[in-house]
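Remarks on the structure that follows.
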Amino acid sequence: MSDPGNPTLDQLNIFLAIVDTGSFAAAGRKLNRAVSVISYGITNLEAQLGVMLFEREGTRRPRLTAEGRTLLSEARLIAQGVDGLKAKAKGLLSGLEAEVNLAVDVMLPADRLGQVLKEFVQQFPTVQLHLHGEALGAIASLVLDREADIGLSGPLAAGVDGLESRSAGSIPMIPVAAPDHPLARMTPIAPGAGRNYIQLVLSDRSRFTEGRDFSVFSARTWRMADLGAKHALLRQAIGWGNMPLDMVEADLAAGRLVRLDMPDHVGGTYRFAAIWRRDALPGPAATWLIDRFVELGRDDSEIAGLGDI
């Protein structure tokens, strides 16, 4: 036969049960079927495919043929795909989202994001997650423009019309530079000295930051939307700038960066908020994400004496 027929899902499940249990009798017990039904199902499957799947002669236990071994992985993929389809359909019937679009501020510590997403996969295996990493006002823009269902934003989302929010912790921000930068070699750093050197500044193109500066101290700035690029340029002594403490702790310990003791620019606290549109309540999976970010944010220890950034 050159053109195989169409096997049924039940036939494939019988095939996989025999492989997994090691015998026709054990497959029958697993599927609550008579051995004769199992044997009949495999015979029909082999007839549909036009190949023998098991060696039955000369052995007490069915053994896969070369053709059977070749087709086994495809059979598993089909069975797993159907299981996934049924699980997603069940989730939809219970009100669970098919997908969630999440926008996250690049300032959020990677360990915290990774912990939440790992738990999310375990909690909602059928929900597709789309992750957007953005800076400053771009998070609020994505949510308002319905490109993201929820966001984990910095302080720029506070008070934005049309958005609801919940506080989700904070991180300390500190001014740093490479050890061979002039400011790092200055002891003590004179008030106003930072104005004379390039300050590396994170920026974005959203309407919420247009014409506004945040924690900009120097008259000379280089602006970029990539926090990783800013980090790399700081280590090259191109300029100085504020960075999340958790992101530069290893650099400080290794001497690749130094914390600047600037009397007029001591750093600050960068506050996060989980946000969503007021007219689009988050579904169960999105709500779980919000609750988890808020819960982990409660563990943050605020730095006394520093202002907000």
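The values are calculated or read from the model by the stated rules, or taken from the named source; none is laboratory data. Computed from a prediction, not measured in an experiment: that's the story for all the values here. Cβ placement follows ideal geometry from the backbone for every residue including glycine, while neighbour counts extend to all protein chains displayed. With ligands, DNA and RNA removed, areas are computed over all heavy atoms of the protein, side chains included. Shrake-Rupley method; radii C 1.70, N 1.55, O 1.52, S 1.80 Å.
Here is how the numbers come out for the structure above:
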quantity	calculated
Residues ALA26 and ASP226, FRET efficiency given R0 of 45 Å [Cβ-Cβ distance, rounded to 0.05]	0.20
Segment 147-186 - convex hull of alpha carbons, volume per residue in Å³	139 Å³
The chain: most fluctuating residue of GLU119, GLU97, GLU74 per GNM, C-alpha cutoff 10 Å	GLU74
Simple Cβ-charge dipole of the chain, Lys/Arg +1 and Asp/Glu -1, about Cα centre, in debye nearest 20	600 debye
Which labelled figure in (i) 27, 21, 20; (ii) 51, 37, 19; (iii) 59, 23, 16 is semi-axes √(5λ) of the Cα gyration tensor in Å, once derived from the coordinates	(iii)
Helix-only [θ]222 nm of the chain, DSSP H runs n ≥ 4, -39500 (n - 2.57) each, per residue, nearest 500	-12000 deg cm²/dmol
Relative packing of 227-234, 238-245, which averages over residues the other C-beta atoms within 10 Å, highest first	238-245, 227-234
The chain: most fluctuating residue of ALA184, ALA26, ALA193 per GNM, C-alpha cutoff 10 Å	ALA26
With every protein chain in place, the chain: carbon and sulfur % of accessible area (1.4 Å)	51 percent
FRET efficiency for VAL266 and THR287, using Cβ-Cβ distance with R0 set to 45 Å, rounded to 0.05	0.75
Residue with peak Gaussian network fluctuation, the chain [Cα springs, cutoff 10 Å], from ARG76, ARG235, ARG256	ARG76
Surface accessible to a 1.4 Å probe, per residue, for the residues of segment 1-81, Å²	62 Å²
Label-to-label distance, nm, for residues given as ALA98 and ASN6 (7 Å Cα→Cβ offset)	2.3 nm
Kyte-Doolittle mean at least 0.0, axial Cα span of 24 Å or more - DSSP H helices of the chain	66-93
Difference of contour (0.36 nm per residue) and Cα-Cα distance, TYR40 to GLN122	25.7 nm
